[in-house]
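Data first, discussion second: the structure below is written as structure tokens.
Derivation of every value follows stated rules applied to the coordinates shown; laboratory data play no part. For clarity, every value in this text was computed on a predicted model and none was experimentally measured. Here the Cβ positions follow ideal geometry from the backbone for every residue, glycine too, while neighbour counts run over all protein chains shown.
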Amino acid sequence: MSIEKKMCPACGEPVEAGWKICPACETPLAGPACPGCGRAVKENWKRCPECEVRLLCPACGRRLLEKGGRCPNCGDGSAGNARSPVAGAIVIEPVTGLEFVYVPAGEFLMGDTLGEGIENEQPVHRVRVSAFFLGRTPVTQEQWQRIMKDNPSGFHDAGNPVENVTLADTRAFIEALSGASQGRQFLLPTEAQWEFAARSGGKEELYAGGDNLNALGWCGENSGGRPRPVGGRKPNGLGLFDMSGNVWEWCRDGFVEDAYEIHAEVDPVIPDTDGLRVIRGGSWNLDPWSARCARRFSLRAEDRGPGLGFRLVMVQDVTE
């Protein structure tokens, strides 16, 4: 006799009929209940109407499982610490379902620390990056179409990265998403943010998560000649997917060859001067060398292609 299987709504762990909680994340499976008085509550309630206990984490919006307890997702739970989640905590943007991973502030040596690259990846220099939220994956075609009319991609698949997008296309998406998401704004990552996050918080990693690209990302050697659904390879140390390979990703910086000679020490960004913009990460149709964390490349703002997409930085609660 087969046992009926379903998935935990919080973490995706396979669970069996009759189980009261998820064994992996401890989420109640019989419907949400107040951790204070036990009464049934609705998914969108922030406080219990009976005992006034907080139901949702003010930092990440996930359900709290214990009265006065710490959030199982981000480790927070108090309004006073709502802006201090832990590394890897996830916030979900409700309009598109985009997931954003918390990247704590830190310092790292930016550039080609492994001697694998070219001149524009030098000199290696110390950079400090402020904390930020970065998209867990590139924006997918399904997420794109939740707020945009057309799908510009050359390889249509809902779970694939949206591709074939110009810089203007990314700006149109960002404007629409920022308008739909009250209290939040969105940006392309800076080149420093992108590299710091790709290297699992500034570690000395060749690819985003380690040295084995076949396990971590899609390139010309393993993609089968097309972009692939996001999240199909292992994440890096922060829980970010597809930062090496699959599609190149637009960054906020203008591209100059000697950027590393003129970078600020804290949160550097190069303004757009001659129409060239930085792209990072490599692509499904290129070699592993192009998917290195330190690899810098450029395109004109009007360029597009089937190996070019983007992911976003989220700025929370900008009205406060």
Subject >> Likely footprinting exposure, Ile90, Ile270, fewest C-beta neighbours within 10 Å first >> reply: Ile90, Ile270
**OP:** Rounded, prolate or oblate: pick one for the range 119-190, where a ≥ b ≥ c are the square roots of the eigenvalues of its C-alpha gyration tensor, a/c under 1.5 means rounded, and failing that, prolate if a/b is larger than b/c, else oblate.
**Re:** oblate
**OP:** Tell me which residues come under 5 Å, amide H to amide H, from Gly210 once H is placed; ignore anything under 5 positions away on its chain.
**Re:** none
**OP:** Could you grab the Rg to Rh ratio for the range 90-316? Cα atoms only, Kirkwood for Rh.
**Re:** 0.93
Original post:
Put a dot 7 Å past each Cα toward the Cβ at Ala33 and Cys51; how far apart are the dots in nm?
Top reply: 1.1 nm
